[in-house]
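K.L.:
Got a structure here, written out as structure tokens. Questions coming.
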Amino acid sequence: MHRLKTRPQFQSTLAGGTVARTAHFALHRLVLPVPGEAPPAFASASTGPEGAAPSPALFALPAGAAQAPWLGAMVPKRWARRAVTRNAIKRQIYTVAREHAQRLPHAAHVVRLRATFDRKQFISASSDLLKQAVRAELQQLFARAVRGPGPSGAA
């Protein structure tokens, strides 16, 4: 699994759309072209105020590198005030994603924290209880993403 590192990579992926949601997380996906095939429809879509389309060069790999999904994690201070909490959540995101990597399509993915975990329930910034809750919800998020959106949309 490759990691998203630059702001343009994150912005392009977030513009790709939401494929799964849970109470605290959202998973965004941008389908990437397979080398040697025609570029997908996203190449002509506008992604920002500048009207620029995402460049396939954003996700270019060295020759001979394996085709694997890309992943990034966004854990804003707004929803996780303490750095220890943000780092623990990011570690859980990357660990759970690694477990589901074989079933994810060749695409760029961003897992975004979209709500805070209740500080009254999870008193410690990095408690085992918080880690278990985050892990369970991430398992649910990736299961929904692999299965695809149901009849009700992005769930």
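K.L.:
For F142, F122, what ranking results if the residue with the fewest other Cβ atoms within 10 Å of its Cβ goes first?
P.N.:
Least to most surrounded, the residues fall as F122, F142.
K.L.:
Next question, about the same structure. At a Cα cut-off below 24 Å, give the lysines reachable from K120, other chains included and same-chain residues fewer than 8 away excluded.
P.N.:
Answer for K120, where 24 Å is the Cα cut-off: K77, K90, K131, listed by chain and number.
K.L.:
By counting other Cβ atoms within 10 Å of each Cβ, how are H28, H109 ranked from fewest to most?
P.N.:
Ranking H28, H109 by Cβ neighbours within 10 Å, fewest first, gives H28, H109.
K.L.:
Report, by chain and number, residues whose modeled amide H sits under 5 Å from the one on F25, excluding near sequence neighbours (fewer than 5 apart, same chain).
P.N.:
For F25, the qualifying residues are R114.
Any read-out appearing in this document is the output of simple, stated calculations on the displayed coordinates, not a laboratory observation. On a predicted model such as this, the values are computed, not experimentally measured, just so you know. Note that we place each Cβ from the backbone using ideal geometry, even for glycine, and neighbour counts take in every protein chain shown.
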